[in-house]
1. If amide hydrogens are placed 1.01 Å from N in the peptide plane, which non-local residues have theirs closer than 5 Å to the one on residue 280?
2. Quick check: Cα centre of the stretch 198-239 to Cα centre of the stretch 286-336, how many Å?
3. Kirkwood hydrodynamic radius for the chain: how many Å is it when counted over pairs of different Cα atoms?
4. Label 7 Å along Cα→Cβ of residue 21; the stretch 63-78 residues with amide nitrogen under 17 Å?
5. Using only Cα atoms, locate the centre of the stretch 93-111 and the centre of the stretch 28-77, then give the distance between them in Å, rounded to an integer.
6. Under a GNM of the chain (C-alpha, springs under 10 Å), which listed residue has the highest mean-square fluctuation: 228, 11, 113?
7. Please identify, among 140, 70, 251, the residue showing maximal mean-square fluctuation in a Gaussian network model of the chain using a 10 angstrom Cα cutoff.
8. Which whole-Hz couplings ³J(HN,Hα) result when phi for each residue of the stretch 207-224 is put into the Karplus expression 6.51 cos²θ - 1.76 cosθ + 1.60, θ = phi - 60°, listed in order with x for Gly and Pro?
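What follows is calculated from the coordinates using simple rules that are stated; it is not laboratory data. Computed from a predicted model, the values in this text were never measured in an experiment. Positions of Cβ are generated from backbone atoms using ideal geometry, with glycine treated the same way; all protein chains shown enter the neighbour counts.
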Amino acid sequence: MKKAVENLLETACRVLSGLQDDPKAFELARVRFLGRKGELAQLFKELGKVSEQERREAGRLLNEAKSRLETLFSEALDKRRELDAARRESIDVSVPGRRPPAGRLHPITQTATEICRIFNWLGFETVEGPEIELDYYNFEALNIPKDHPARDMQDTFYISEDVVLRTHTSPIQVRTMEKRKPPVRVIAPGRTYRRDSDVTHTPMFHQVEGLMVGKGISFGDLKGILTTFVHQMFGPSVGLRFRPSFFPFTEPSAEVDIECVMCRGKGCRVCKGTGWLEILGSGMVDPEVYKYVGYDPEEITGFAFGMGIERIAMLKFGIDDLRLFFENDLRFLKQF
Ligand code: PHE
């Protein structure tokens with residue numbers, strides 16, 4: 001019996017020291033030695049077979065072994081808990097870092113920036129104006145008097161009789177000319193508002209306004225600058241055309257169409273089969289507008305243009321639904 005007890009203790013020590021910190025293996029070892037049907041319990045069973053003289057001594061040995069085993073296991077358990085705690089507090093410098101999610105610019109911002117970059121390169125300075133605008137700048141000084149039918153085209157949000165949310169970026173033309181002497185070359189991006197909401201219109205959208213005035217500026221300059229812009233923005237092989245149009249603040253006026261970037265002019269759903277896409281309005285600044293800002297129409301000429309940024313972004317990135325820009329779905333935004 002003495003031998004058996006010694007064997008048992010020795011094996012138990014070996015098993016315990018060989019245990020990795022696997023809680024399952026630990027529990028298995030505990031059951032193996034200390035369990036109700038474990039190795040120690042087996043020895044206790046054999047006590048009955050031991051002769052009466054030796055039984056007392058053998059019982060003492062077994063009880064000693066039992067408390068020894070219990071101590072061994074509880075010490076091992078304590079040690080494991082300590083290790084666990086230490087590990088939880090320590091910093092593993094070899095773990096790869098977690099990258100903080102990087103933000104990025106909204107496709108509309110990217111497009112506005114790109115448009116401005118091209119015009120900056122052509123010598124236009126970027127300027128801005130207020131989104132809450134006086135009726136005077138949004139309409140009056142742009143040759144759109146109060147009863148002018150052109151006001152109907154714009155579905156204006158009125159804040160009061162004289163104050164509106166600007167319906168286009170053209171008021172910036174007037175504000176700039178009021179402040180500066182010619183020559184003037186500016187490009188002005190910003191938010192604009194109209195009471196319009198359907199699949200192709202949102203009540204808030206973005207425009208970029210351009211203005212170039214000075215001595216001897218002609219319609220040829222307008223064509224040259226806008227052609228250069230289109231080729232920079234959409235590639236040098238994209239065709240464009242100037243189509244006569246009307247705006248109260250320009251005369252003559254022209255809208256610019258580019259060859260459909262989706263079908264390359266063959267005709268598709270996006271260009272409604274025409275092969276052309278309208279991208280901007282433009283024209284020679286109407287002499288009436290110069291009168292409002294104190295320029296001499298006999299001496300000064302120039303042109304202006306305006307375009308919708310959403311439209312340019314859709315064509316540039318091949319996006320077919322305007323609403324995607326305003327839903328702020330990260331899966332969409334992350335693509336740009
Ligand atoms: N402001 C016009 C619009 O919103 C566009 C435009 C700007 C046309 C400048 C001519 C000159 O439709």
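1. Amide H neighbours of residue 280, under 5 Å, 5+ apart: 256.
2. Cα centres, the stretch 198-239 to the stretch 286-336: 8 Å.
3. Values: mean 1/r = 0.0377 Å⁻¹.
26.5 Å is the Kirkwood radius here.
4. Answer for this model: 74-78.
5. Taking the Cα centre of each part, the stretch 93-111 and the stretch 28-77 sit 63 Å apart.
6. Of 228, 11, 113, the most mobile in the Gaussian network model is 11.
7. Ranking 140, 70, 251 by mean-square fluctuation puts 70 first.
8. Once θ is set to phi - 60°, the couplings for the stretch 207-224 become 10, 10, 10, x, 8, 9, 9, x, 8, x, 8, 10, 4, x, 5, 4, 5, x Hz.
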